[in-house]
Amino acid sequence: MKELFLQGIGKIDCEKILGALWGLDTDLRKLQERLEKIFSFDIQIEYDRNSRKEHKGHISGKVTEKISLEQVSDYLSSWKEVSDFGKKTEKMAEMLWAAEGISVQEPFLQLAGSETSLVSLAALAATMELLGFSTCRVSPLKEGMGIGKEGMIPSETILYILKESRLSMDFLPGEEENLTPGSVAFLSVFGETAKEIGVKSILDRASGISREEEDQGILRALVLGERWDGEEDDRERDQVQVLETNVDDCSGEQLGYAIECLMKAGALDASCFPIFMKKGRPAYMLQVICKKEKQKDLEDIIFRETTSIGLRRYEENRRILPRSFTEVQLKDGHKVKIKVCSHHGQKFYYPEYDTVKQVCLDTGRPYRNVYDEAAALAGGYGNDI
């Protein structure tokens, strides 16, 4: 599994982040087409790199007027309907309005042409989408703290957004801000501070720098993952979050409903185990496995739908078999979805429960009868590749 890791030193703005991300072989033609479809006006992308794999990025458009938050929502409406990245772009804009404490009807954010503009924020989100990253991990950011030419450092805008984020800061004496409202909004929505990295291979790297020579700040993007020897090519490994809680005053029906809610909200798995707690009390342990980006939402569901008043959470390494999906047609014409897994030169075929169940409901056939026919048509339970 690949993950994106960002490191920064000095001033970090949206253009440096764009430069670093574009240096990871972003398809800039697709990016431009996507942005022009969203905004319905011409977008200009300027990109350059030097021999040290340092990248300069700049994006602009002819429409430079200031717009309100309501207009932001209108521009992003079609993108939000089909992609979470459109919603994340709107969330970045909402942070800027909230930080300034102004009305959603008041024009504030420049549409294009500035370092922090709606087009810049959308370009950051769309680039993440094209690269296949929904989140990133960030090294602790350094920010100045002191008195600058325009007042206290950091500004109230930066402090407000940081307070709403999952970022850790290293505040150092200084008279200049290292973060811009746009860059900290992006890092707050997409990133979290990396407490530890672990053993990883560097799969790709790129650094974003300023177009201004006097600006020595740099933002480095690393694509981290794991490389396997030939005999392990059919394995996939990643990290998952495990959430656990013990409850002794929760009915089976309530726990069953909680598990339904957790699975619908994106849990990879949810289970209950009978246990004995102190003083011999019978109880259940609810265990949930999820990806990092789903953790907070699932924790909220556990507290809302069970009697839990606390939970444990930790990260675990996971090994999974590569899988794909196909479809078979039964003799009676019904179709069943099949999960295909491979391991040690064999393929294994698993009919998906929901489609097998639907065939049973439609035809009245026994579950095992439908399951076995679908598995046999797919290739059996274990065939050589």
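Observations
- Overall Cα dimensions of the range 42-118, principal axis frame, Å, largest first: 46, 26, 25
- With contributions of -39500 (n - 2.57) from each DSSP H run of at least four residues, the per-residue ellipticity at 222 nm computed over the chain stands at -10500 deg cm²/dmol.
- In order along the range 100-105, phi translates into HN-Hα couplings of 7, x, 10, 5, 5, 8 Hz, rounded to whole numbers, per the Karplus curve 6.51 cos²θ - 1.76 cosθ + 1.60 with θ = phi - 60° and x for Gly and Pro.
- The alpha carbons of the range 1-73 give a radius of gyration and a Dmax of 14.5, 43 Å, in that order.
- Residue-span extension gain [S78 to R318] - 0.36 nm each, minus C-alpha spacing: 82.8 nm
- Interatomic Cα distance distribution for the range 236-320, bins of 10 angstrom, percent: 18, 52, 25, 5, 0
- Residues in the range 331-340 carry Karplus couplings, in order, of 4, 8, x, 6, 10, 10, 7, 10, 8, 10 Hz; the curve used is 6.51 cos²θ - 1.76 cosθ + 1.60 with θ = phi - 60°, and Gly or Pro positions show x.
- Set against the 2.2 N^0.38 Å expectation for a compact globular protein, the range 158-205 has a Cα radius of gyration ratio of 1.39.
- Residues whose amide H lies under 5 Å from that of L141, counting only those 5 or more places away or on a different chain, are S168, D170; hydrogens are built 1.01 Å from N in the peptide plane.
- Rounded tilt (10° steps) of 181-190 against the dominant C-alpha axis of the chain: 10 degrees
- Separation of alpha-carbon centers, the range 36-57 and the range 159-190, rounded to whole Å: 24 Å
- The ellipsoid equivalent to the alpha-carbon distribution of the range 3-225 has semi-axes of 24, 23, 17 angstrom, derived from the gyration tensor eigenvalues as √(5λ) and listed largest first.
- Put simply, the amide H of G146, placed in the peptide plane, has neighbours under 5 Å in I153, G174, leaving out anything fewer than 5 places away on its chain.
- Shape summary: the range 122-162 maps onto an equivalent ellipsoid whose semi-axes, from the alpha-carbon gyration tensor, are 30, 12, 8 Å in decreasing order.
- In the calculated pair-distance distribution of the chain, the portion above 25 angstrom amounts to 67 percent of the Cα-Cα pairs.
- Our analysis of the range 323-384 gives Rg over Rh at 0.99, with the two radii drawn from alpha carbon positions and Rh computed by the Kirkwood formula.
Taken together, the values in this text are just the output of simple stated rules run on the coordinates, not laboratory data. Note that this is a predicted model, so its numbers are computed, not measured.
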